[in-house]
Amino acid sequence: MATHPQSAASELCADPFGEGLPRTLSVHKQLLGTRFHFESGSQALLDLVEAAYGDVPPHRFPCVAPELHIQLRLVPGGHLPKGVEPPPVRMQSGMGWLCGVIDASNYVVISPRQRQALIVVSEDMLAFPYHLRYELIEFAVFVLAARCLGLVPLHGACVGKDGRGVLLLGDSGAGKTTLALHGLLHGLSFLAEDALFVQPESMLATAVTNYVHVKSDALHLVDDAAARRWISESPVIRRRSGVEKFEADVRRGHGRLADSPLKLVGAVFVCAERAHDPAALLRPVPRHAIAARLQLDQPYAAGQGGWLPFQQALVEMGMYELRRGAHPRASVEAVSRLLDGGLSEGRYEG
């Protein structure tokens with residue numbers, strides 16, 4: 001069960017930012033290979049932290065990682081229109097600081113050099129927990145972990161078996177989430193469906209393993225009635241794009257979660273193209289084309305530290321393109337064989 005912020009995981013502590021708050025509650029979480037300290041005088045904000053990070057598998061790397069601090073501060077009032085989606089986050093950076101600003105009362109300021117972040121939230125922003133959690137809290141967690149631990153941030157999914165992982169890349173809508181979900185439902189370890197981080201020296205992949213986001217039109221592909229009910233009874237979130245998805249909590253017992261970082265042993269580009277031959281879903285990407293395709297697929301990560309050794313490791317490892325079969329189970333079987341080491345370049349099994 002999730003640990004409540006007022007349990008042994010919480011304690012009274014002084015305000016590390018020195019802004020005059022008397023004493024605040026502190027919640028500690030092991031995330032993305034390091035220990036995060038969340039501090040706030042607001043129980044409502046700490047409840048959001050607990051909803052996002054309670055019971056997440058506590059990943060650790062072999063090396064010692066620095067501890068990171070995030071303070072969440074609730075301020076009175078605010079000026080957000082009732083029932084209207086908050087304005088999009090505007091990004092600013094300079095002098096070693098990174099900022100994400102919704103308005104004058106809702107923003108995050110991050111200092112990787114000091115290993116800490118400050119999140120300021122207005123009372124009326126509490127009515128938008130999805131935006132608060134993903135656009136402010138998660139942003140601070142991801143940026144601090146990537147910058148302070150030297151991780152490569154990726155837009156992608158990852159599933160595994162026995163500590164080994166396969167990286168799933170590709171365009172939005174290509175089927176990464178569907179493949180990760182069906183991997184979870186058919187015996188693979190689930191690490192991530194949208195965002196993950198890789199330590200380039202070791203090629204260990206980690207993520208915040210908490211939710212999978214499923215469109216309603218993908219439910220008919222879920223054969224198991226209990227799993228289908230689990231997803232369909234989950235809360236619905238609405239992305240900035242207008243797309244609505246079920247936010248299904250993978251911590252609630254529907255499959256195996258990756259309880260430690262996965263060692264990447266393969267990578268595939270998931271594409272929407274259907275395979276003409278159901279026995280040939282995987283085809284190798286020519287080695288000379290891997291680097292350019294990776295940079296096109298991950299433009300943000302390609303500009304971050306650690307990208308070149310990460311890219312070189314994938315080139316040496318070899319990559320595949322995964323086309324769709326008649327059912328996602330076929331793709332899961334192809335990835336499972338890749339995890340077992342049953343495919344080699346030049347063979348078109350799947």
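Quick rundown of the values:
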item	result
Selected residue (criterion: surrounded by the fewest Cβ atoms within 10 Å (Cβ to Cβ)) from residues of the range 183-198 that are under 23 Å from residue 238 (Cβ atoms) and not small (Gly, Ala, Ser)	194
Matching residues, the range 225-250, being of a type in the set (Asp, Glu) and surrounded by 12 or more Cβ atoms within 10 Å (Cβ to Cβ)	244, 247, 249
Test for residue 96: is it over 16 Å from residue 133 (Cβ atoms), in contact (Cβ under 8 Å) with a residue 40 or more places away in the chain and surrounded by fewer than 19 Cβ atoms within 10 Å (Cβ to Cβ)	no
Verdict on residue 75 being within 24 Å of residue 240 (Cα to Cα) and surrounded by 14 or more Cβ atoms within 10 Å (Cβ to Cβ)	no
Among (1) modelled with pLDDT of 95 or more; (2) in contact with a helix residue (DSSP H, G or I) (Cβ under 8 Å, 6 or more places away or on another chain); (3) not acidic (Asp, Glu) - the single one residue 90 does not satisfy	(2)
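The rows are residues; the columns are (1) exposed (fewer than 12 other Cβ atoms within 10 Å of the Cβ); (2) of a type in the set (A, V, I, L, M, F, W, C).
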residue: 200; (1), (2): no, no
residue: 223; (1), (2): no, no
residue: 253; (1), (2): yes, no
residue: 260; (1), (2): no, no
residue: 267; (1), (2): no, yes
residue: 287; (1), (2): no, no
residue: 297; (1), (2): no, no
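Residues checked against (1) without any contact (Cβ under 8 Å) to a residue 60 or more places away in the chain; (2) assigned to a helix (DSSP H, G or I); (3) in contact with a Leu (Cβ under 8 Å, 6 or more places away or on another chain):
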| site | (1), (2), (3) |
| --- | --- |
| 154 | no, no, yes |
| 165 | no, no, yes |
| 173 | no, no, no |
| 180 | yes, yes, yes |
| 187 | no, no, no |
| 196 | yes, no, yes |
| 208 | no, no, yes |
| 219 | yes, yes, no |
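The values are calculated or read from the model by the stated rules, or taken from the named source; none is laboratory data. Every value quoted in this text rests on a predicted model; they were computed, and no experiment measured them. Virtual Cβ from ideal backbone geometry, glycine too; neighbours counted across all protein chains shown.
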